[in-house]
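Chemist: What follows is a single structure, and I will ask about it in a moment.
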Amino acid sequence: MTAKKTSAKLADGRDLFYFDDADSQLPADRKADARNLDARPAVAEMRLDALSGDWISVAASRHGRAFLPPASECPLCPSTDTFLSEVPDRFDVAVFENKNPSFGPDLAEVDDKNYWVEPNLPLGLTKPSIGRCEVVVFSPEHEGSLASQSETRIRTILDALADRTDAIMRMPGVRTVFPFENRGQEIGVTLHHPHGQIYAYPYVTPTQEKVFASISRHGQSLFQDILEFEQGSERELIRGEHFTAFVPFAARWPIEVSILPHRHVQNLTDLSGDELAELTSVYSRVLRAVDAIYETPTPYVAGWHQAPNFDGGENFRLQFKLTSPRRAADKLKFLAGSESAMGAFIADFPPETTAARLREVL
Ligand SMILES: [Zn+2]
């Protein structure tokens with residue numbers, strides 16, 4: 001890790017971590033949280049949907065969240081003399097536990113891998129929605145985006161995500177750690193300040209269950225075969241020494257980009273220093289290209305798909321995936337009947353067209 005990490009606590013006991021850039025001028029000591037905060041909410045409940053087998057978390061305490069606050073009242077800006085935010089002092093990158101988590105704050109008492117497994121799908125079943133949710137603040141600046149950060153800062157962010165993945169994956173009851181970014185008011189972002197989140201789920205997610213099924217159908221070489229199939233195709237965007245970025249053969253969204261490592265690694269924690277250095281550059285180029293297609297910023301969802309801590313997880317490979325519903329300067333793709341009810345996607349144009357547009361601005 002090139003970043004420098006400092007651990008602290010917020011007034012209600014939540015964890016806070018500062019990750020300073022390698023060349024940061026920030027002092028080592030940070031101010032304490034001077035707020036009086038209410039006790040943390042009780043752990044939410046999750047319900048089993050017997051029809052799909054999916055767990056649905058019911059997060060009752062999330063409605064009081066700040067909605068698009070101005071910079072002077074932004075909970076993610078560094079605290080000032082007149083406003084105490086979630087981060088008590090100056091920072092480069094800050095990570096803290098979510099005040100109203102969808103998973104957690106409770107963890108399991110013992111790490112039972114099958115906590116979420118219900119082979120007979122009983123009706124009316126609920127369980128505590130244990131796990132962990134953290135907020136990752138990409139910059140002390142209220143304006144800007146992840147793509148506008150320097151490569152030094154993006155490396156600090158990747159270091160922070162790898163560090164948190166390592167720590168959270170060891171917490172009892174956690175099966176999956178998913179760092180992600182929702183970008184753009186159009187897709188429901190409630191804070192403009194550049195930030196991402198980390199969700200740690202107590203189960204293998206529905207998306208991962210489908211990958212498990214695909215590996216069992218295709219074989220353990222699935223990720224390597226996809227990588228080799230996309231390399232050199234019309235959809236390839238960047239091929240480095242350690243990573244390849246491409247638009248997937250069967251992309252669902254108007255803009256969709258994957259980055260796969262050439263080595264079979266399960267999560268960000270497994271990457272070497274050389275790999276992280278190249279990933280910083282590839283990740284940064286992809287984000288900037290997505291923003292360069294149109295004159296205004298493009299909304300997207302981007303995340304690091306990592307292997308679940310579950311039987312067979314070693315066959316998963318780390319994958320970055322970015323999807324955007326933007327299909328024209330002023331048009332978004334909405335999930336209509338076929339997609340939202342049947343899960344059956346109709347792509348608006350061929351993935352090769354998306355790849356050609358992205359290559360023009362890389
Ligand atoms: Zn802010």
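The values are calculated or read from the model by the stated rules, or taken from the named source; none is laboratory data. The structure presented is a predicted model; accordingly, all values stated were derived computationally and were not measured. Using ideal geometry, Cβ is built from the backbone for each residue, glycine included, and neighbour counts are taken over all protein chains shown. For the accessible areas, the whole protein counts, side chains as well, though only heavy atoms, and no ligand, DNA or RNA atoms are used. Shrake-Rupley method; radii C 1.70, N 1.55, O 1.52, S 1.80 Å.
Chemist: Over the chain, average the accessible area per residue using a 1.4 Å probe and give it in Å², no decimals.
Modeler: 46
Chemist: Which whole number in µm²/s is D for the range 104-176 by Stokes-Einstein, with the Kirkwood Rh taken over Cα pairs at 20 °C and 1.002 mPa s?
Modeler: The Stokes-Einstein estimate is 141 µm²/s.
Chemist: Here is a further query. Rg (Å, one decimal) plus Dmax (Å, integer) for the alpha carbons of the range 16-155?
Modeler: 18.9, 57
Chemist: Under a 10 Å cutoff between Cα atoms, tell me which one of Y115, Y300, Y18 has the largest fluctuation in the Gaussian network model of the chain.
Modeler: Largest GNM mean-square fluctuation: Y115.
Chemist: Measuring from label point to label point, each 7 Å out along Cα→Cβ, what is the E228 to A213 span in nm?
Modeler: 2.7
Chemist: State which stretch of the chain is the longest one without any exposed GluC sites (Glu not before Pro), exposure meaning a DSSP loop state and at most 16 other Cβ atoms within 10 Å.
Modeler: The reported range is 1-108.
Chemist: Same structure, new question: Heavy atoms only, probe 1.4 Å: what % of the accessible area of the range 208-361 goes to carbon and sulfur, would you let me know?
Modeler: Whole-percent figure for carbon plus sulfur exposure: 52.
Chemist: For Q220 and A66, what does the FRET efficiency come to when R0 = 35 Å and r is the distance between their Cβ atoms, rounded to the nearest 0.05?
Modeler: About 0.15, to the nearest 0.05.
Chemist: If you don't mind, another one. Using just the alpha carbons, could you tell me how many Å³ per residue the convex hull of the chain encloses?
Modeler: 147
Chemist: Moving on to the next point. Please identify the trypsin sites (Lys or Arg not before Pro) of the range 20-51 that satisfy two criteria: DSSP loop assignment and at most 15 other Cβ atoms within 10 Å. Which are they?
Modeler: Of the trypsin sites (Lys or Arg not before Pro), the ones in loops of the range 20-51 whose Cβ has at most 15 other Cβ atoms within 10 Å are K31, R35.
Chemist: Of K9/K113; K4/K31; K210/K321; K99/K210, which ones are farther than 22 Å apart at the Cα?
Modeler: In this structure, K9/K113; K99/K210 lie more than 22 Å apart at Cα.
Chemist: Percent of Cα-Cα pairs more than 25 Å apart in the range 208-361, please.
Modeler: Beyond 25 Å sits 31 percent of the P(r) for the range 208-361.
Chemist: Go ahead and estimate [θ] at 222 nm for the chain from helices alone: -39,500 (n - 2.57) per DSSP H run with n ≥ 4, summed, over the residue count, rounded to 500.
Modeler: Taken over the chain, the calculation gives -6500 deg cm²/dmol.
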